[in-house]
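A short worksheet on the structure shown next.
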Amino acid sequence: MADRRIVAMPGDGIGRIVLPEAIRVLAATGFEADYVHGDIGWELWCNEGNPLPQSTIDLLAEHKVGLFGAITSKPKDEAAAELSPELQGQGHIYYSPIVGLRQLFDLDISIRPCRSFPGNPLNFVRKGAGGQIEEPMVNVAVFRQNTEGLYVGVEWTDPPEEVRRAFEMHPKFAPFKDVPGPDLALSTRIFTRPACRRIVEEAFAYARRHGYRSVTVCEKPNVIRETSGMLEQEARAAAEKYPDIERWSTNIDAQTMWLTKNPEDYGVILSGNMFGDIISDAFAGLVGGLGFAASSNVGREVAIFEPTHGSAPKYAGLEPSIVNPIAMILASAMMLDHLGEEERAASIRGAVGKVVAEERVRTYDLLKIPGGASVIEKGAATTQQMTDAIIESLATAG
Ligand code: IPM
Ligand code: MG
């Protein structure tokens, strides 16, 4: 038995396909661990009314490190409609279990590296001043505050009287004071100073450790003054301890506009929960998209690593499987970094880079063709062939 236990939570759909592939790559690096299965996902919701069972929570509390595949998430009403008949009408409300895990274990830091692999046909290209094609190499690490902001879940339609009264204390609530309860929906955006401080400190420390020139706070303090403002304040304070790193500020809207103009200029990007969700997908789109986007969820004790993509149910049943396992494999490399296994992590990234650059083995996304059963006859690699190529490359990347 290995010394290390990892909780493997494949979840739904293609999560069940890509997670075992990542474990194959981990094993091929010589990393030794036992993988304990943790149940999570849509089937549990439909059959038990809870997508995140206590047994999985207990496993994570015990072993501290988890690999997560993907889960199907649906809006509240659609989710309720899919509950098994005997559970209907009992007040079960669907909450995304990954959001639940982030909050339960206070996994407050999410790091989402968005880095171009040279030669990736999915890399962003643009036209230069003379009409020439430029392919800027993007190397951004998004730091997303992972537990607060609009994700706290403090929200109501038809808020209770006390809540209404509290809101009425604010002069800006005046235009809404006569709105009937059922016509009034409130979702609150909560930031706390300790959480802002922690992510800011982590972001600057990461920038220094990894040689980034700047930390950009990407929020909207000109409008959302209190919450965005608090993150800005904390960043300003932290920056004083990091004279070697420039502190920049951008607004989320302008940042998405500049995304395609000068993405190579940015280093660490620091955002609250919602804007971090958005900007991390936006940058991921420049470096290969969902097949390449991995993220960490790191708290003081527990950490979970996942590909950013969803469960893609329409591809889950295809035999052979066609989905790109790279995002999950890169997530497992992030796990190795977290466990102090930086060399093995680097070897995985090196092997992925080599396979991508060689363009010999390409899943359908890398061929830029629509997904479906027919991609294999069009020359696409299967999920397993892609993993095999990466494993082969590990051996030669040395
Ligand atoms: C992500 C995802 C999740 C989020 C969803 C699945 C709830 O988009 O990890 O970025 O919004 O955080
Ligand atoms: Mg997202």
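Taking the Cα centre of the chain as origin, work out the dipole magnitude from +1 charges on Lys and Arg Cβ and -1 charges on Asp and Glu Cβ, in debye rounded to 20.
That gives a dipole near 1120 debye.
Mind listing which trypsin sites (Lys or Arg not before Pro) in the stretch 306-398 are in a DSSP loop and have 14 or fewer other Cβ atoms within 10 Å?
Arg360, Lys368, Lys378
Quick one: order Asp388, Asp365 by neighbouring beta-carbon count within 10 Å, fewest to most.
Fewest-to-most Cβ neighbours within 10 Å comes out as Asp388, Asp365.
Just want the ordering: Leu83, Leu59, Leu19, from fewest to most Cβ atoms lying within 10 Å of their own Cβ.
Placing the least packed residue first, the sequence is Leu83, Leu59, Leu19.
Taking the dipole about the Cα centre of the chain, with the C-beta of Lys and Arg at +1 and of Asp and Glu at -1, give me whichever of Pro97, Cys196, Ala331 is farthest to the positive side.
Toward the positive end, the furthest listed residue is Cys196.
Take the stretch 78-167, compute every pairwise Cα distance, and split them into 5 Å bins from 0; I just need the percent in each bin.
For the stretch 78-167, the binned pair fractions read 2, 9, 11, 11, 11, 12, 12, 9, 7, 7, 5, 3, 1, 0 percent.
Can you tell me the dipole magnitude for the stretch 5-149 around its Cα centre, using point charges on the Cβ only (Lys, Arg +1; Asp, Glu -1), in Debye to the nearest 20?
About 720 debye.
Rounded to whole Å and sorted largest first, what semi-axes of the equivalent ellipsoid does the C-alpha gyration tensor of the stretch 286-360 yield via the square root of 5 times each eigenvalue?
They are 23, 18, 10 Å, listed largest first.
Taking amide H atoms as placed 1.01 Å from N in the peptide plane, list the residues 5 or more away in sequence, or in a different chain, whose amide H sits under 5 Å from that of Ile269.
Ala141, Val142, Phe143, Thr216
Give me the percent of DSSP beta bridges within the stretch 1-133 that run antiparallel, rounded to the nearest 5.
10 percent
Which loop-located trypsin sites (Lys or Arg not before Pro) does the stretch 121-228 contain, where loop means any DSSP state but H, G, I, E or B and the Cβ has at most 15 other Cβ atoms within 10 Å?
For trypsin sites (Lys or Arg not before Pro) across the stretch 121-228 that sit outside H, G, I, E and B with at most 15 neighbouring Cβ atoms in 10 Å, the list reads Lys177, Arg213.
Only sites in a loop by DSSP and with at most 14 other Cβ atoms within 10 Å count here; which GluC sites (Glu not before Pro) in the stretch 202-295 make the cut?
Those satisfying the criteria are Glu240.
Towards the positive end of the charge dipole of the stretch 85-171, with charges on Cβ (+1 Lys, Arg; -1 Asp, Glu), say which of Gln88, Phe143, Ser116 has the farthest Cα.
Ser116
Please state, to two decimals, what the Cα-based radius of gyration of the stretch 1-104 comes to when divided by 2.2 N^0.38 Å (N = residues).
1.18
How high is the relative contact order of the stretch 1-71, in percent, counting Cα pairs under 8 Å that sit 6 or more residues apart?
51 percent
Taking Cα pairs under 8 Å and at least six residues apart, what relative contact order does the chain come out at, in percent?
21 percent
Which order do Ser187, Ser296 fall in if you start with the one that has the fewest other Cβ atoms within 10 Å?
Result, fewest neighbours first: Ser187, Ser296.
With no solvent and one point per C-alpha, what does the Debye sum give as log10 I(q)/I(0) for the stretch 210-297 at q = 0.22 Å⁻¹?
So the normalised log intensities work out to -1.18.
Projecting each Cα onto the charge dipole of the chain (Lys/Arg +1, Asp/Glu -1 at the beta carbon, about the Cα centre), which of Ala237, Ala395, Ser295 comes out farthest on the positive side?
Ala237
Working from the pairwise distances between different alpha carbons, so that the mean of 1/r is found and then inverted, what is the chain's Kirkwood radius in Å?
The answer is 22.5 Å.
Could you derive backbone 3J(HN,Hα) for the stretch 249-261 from the dihedral phi with the Karplus parameters 6.51, -1.76 and 1.60 (θ = phi - 60°), listing whole Hz in sequence and x where the residue is Gly or Pro?
So the Karplus estimates, Gly and Pro as x, are 10, 10, 8, 4, 5, 5, 4, 5, 5, 6, 3, 8, 8 Hz.
Each reported figure results from applying straightforward, stated rules to the coordinates on display, with no laboratory input. What you see is a predicted model; the values in this text were computed from it and never measured. Cβ: placed from backbone, ideal geometry, glycine included. Neighbour counts: every protein chain shown.
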